[in-house]
Amino acid sequence: MSLLTNWLESLSYDMEISESCTRKISLLSSCSACIDECPDEAILFENEKIMIDGKRCTSCGVCITVCPVQAVKGQSPSRKVSQDHLLLEHESPLPSLTEMLYYHKKGIRFIHQPSINANLANRISQANEVLSAMSLELLQVTNQFVLEPEEQLRLSRRDFFAKLSSDSRKTVLSSVTPVEWRFNESNFKPSVLFKDWSFYKVDINKDECTLCEACFNICPSGVFSLGENELIMNENQCTGCNLCLDICRTSAIKVEQKAHQAPSVSYNLSKNICKQCNTGFHAWEESDSCHICSTIQKPNFFL
């Protein structure tokens with residue numbers, strides 16, 4: 001029975017992009033994380049729509065690990081793990097930065113591949129920069145590792161099952177496996193992996209920010225929380241989707257990748273009433289006119 005369970009858990013699934021994708025939330029979104037990382041060039045953005053080309057997609061699952069808002073649904077990359085080693089093969093898709101941090105959290109300390117290429121070495125270096133900032137043990141690379149006999153047998157059995165046809169897999173999936181087995185994208189959310197740590201630094205330029213509240217309302221991660229007289233910013237929730245940058249018309253927000261401990265930050269605000277339109281609005285200081293009214297050009301009847 002355990003053999004069947006292992007087989008079911010290793011099955012691949014068709015990828016799909018949910019409505020939480022920033023490209024679907026706003027046409028202004030510039031996010032291309034999944035497009036840039038896909039080794040098969042199977043994710044396309046055409047006619048203002050993002051889609052997965054089923055003919056090109058091999059269901060490798062790399063896109064799941066790089067999506068900043070966990071919008072790609074399916075099964076993450078199937079990796080071989082032994083003790084504290086992540087075993088990569090020549091044809092294995094390159095692990096993403098978040099995926100490496102995920103495996104480090106699970107106890108992996110060595111990345112093994114028969115021949116270490118420049119891309120893998122660079123990706124491990126990126127992961128180690130983040131781990132170093134958190135004062136955690138670094139990942140090491142190795143091209144020498146010998147499996148125990150029982151591990152070789154277990155992997156060979158998995159390889160046998162992996163050769164079964166895609167049609168038979170889908171039949172089993174649709175009739176046997178529970179829904180929760182299919183999706184594990186939430187495992188790669190930075191705030192879940194390392195609580196109280198932020199992987200992005202968010203800055204607001206108060207001289208440029210008009211407090212229009214557009215980014216506060218559209219942020220899919222809930223980084224910004226607007227109170228009666230304060231703005232609370234939770235950097236540890238930021239996933240680097242950059243949607244706030246894309247929609248800000250005054251370029252008042254800056255987001256940069258930086259691993260750091262990030263307690264919530266509070267900005268004092270003033271709640272005012274506009275004397276021209278009689279609506280309430282937030283501002284960095286007391287004001288009689290909201291941003292919209294103050295920027296409307298008044299007609300000059302004496303011209």
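Each value in this text was obtained by applying a stated rule to the coordinates, not by laboratory testing. Keep in mind that what you see is a predicted model, and the values were worked out from it rather than measured. Glycine gets a Cβ as well: all are built from the backbone with ideal geometry, and neighbour counts include every protein chain shown.
Only Lys, Arg, Asp and Glu count, each charged at its Cβ (+1, +1, -1, -1), so figure out the dipole size of region 39-112 about its Cα centre, rounded to 20 debye.
Numbers: 9 positive and 9 negative charges, 74 e Å.
That gives a dipole near 360 debye.
Cβ neighbours within 10 Å, averaged per peptide: list 237-244, 111-118 in order, most packed at the top.
On the way: 237-244: 22.4, 111-118: 14.0.
Peptide ranking by packing, descending: 237-244, 111-118.
In what order do Lys271, Lys80 fall by count of nearby beta-carbon atoms within 10 Å, going from fewest to most?
Lys271, Lys80
Find how many whole Å separate the alpha carbon centroid of region 14-53 from the alpha carbon centroid of region 201-220.
Region 201-220 and region 14-53 have Cα centres separated by 24 Å.
How many nm is it between the label spots at Asn47 and Val141, if each spot is 7 Å from the Cα in line with the beta carbon?
Reported label-point gap for Asn47 and Val141 is 4.3 nm.
Using only the Cα atoms of region 195-267, each taken as one equal point scatterer with no solvent, compute I(q) by the Debye sum, divide by I(0), and report log10 of the ratio at q = 0.16, 0.19 Å⁻¹.
Values, matching the q order: -0.50, -0.72.
If you put +1 on each Lys and Arg Cβ and -1 on each Asp and Glu Cβ, how big is the dipole of region 195-267 around its Cα centre, in Debye rounded to 20? List each step's numbers first, then the result.
Values: 6 positive and 10 negative charges, 43 e Å.
Value, rounded to 20: 200 debye.
Quick check: residue separation of Met134 and Phe110 times 0.36 nm, minus the Cα distance between them. What number comes out in nm? Numbers along the way, then the final one.
Details: separation 24, 0.36 × 24 = 8.64 nm, distance 1.80 nm.
Extra length from Met134 to Phe110 when fully extended: 6.8 nm.
Would you mind computing the Rg to Rh ratio of region 45-140 from its alpha-carbon coordinates, Kirkwood style for Rh? Mind dumping the intermediate values first?
On the way: Rg = 14.7 Å, Rh = 14.6 Å.
So for region 45-140, dividing Rg by the Kirkwood Rh gives 1.01.
What is the extension gain from Glu16 to Asp196, computed as 0.36 nm multiplied by their sequence separation minus the C-alpha to C-alpha distance, in nm to one decimal?
Numbers: separation 180, 0.36 × 180 = 64.80 nm, distance 3.05 nm.
Extending this stretch completely gives an extra 61.7 nm.
Where Rh denotes the Kirkwood radius from the mean inverse Cα pair distance, what is Rg over Rh for region 49-102?
Details: Rg = 12.4 Å, Rh = 12.5 Å.
My calculation puts Rg/Rh at 0.99.
Can you tell me how much longer the chain between Lys206 and Lys258 gets when fully stretched, taken as 0.36 nm per residue apart minus their C-alpha distance, in nm with one decimal? Intermediate results must be reported in sequence, preceding the final value.
Working: separation 52, 0.36 × 52 = 18.72 nm, distance 2.13 nm.
Here the answer is 16.6 nm.
Structure shown: which of Lys49/Lys195; Lys24/Lys206; Lys105/Lys254; Lys201/Lys271; Lys73/Lys201 lie over 32 Å apart, alpha-carbon to alpha-carbon? Don't skip to the answer; put the middle values down first.
Working: Lys49/Lys195 34 Å; Lys24/Lys206 29 Å; Lys105/Lys254 29 Å; Lys201/Lys271 27 Å; Lys73/Lys201 27 Å.
Going by Cα-Cα distance, Lys49/Lys195 fall outside the 32 Å limit.
Evaluate E = 1/(1 + (r/R0)^6) for Ser251 and Ser225, where r is the Cβ-Cβ distance and R0 equals 30 Å; express this FRET efficiency to the nearest 0.05. Kindly include the intermediate steps, with their values, before the conclusion.
Details: r = 22 Å, r/R0 = 0.74.
For Ser251 and Ser225, the calculated efficiency is 0.85.
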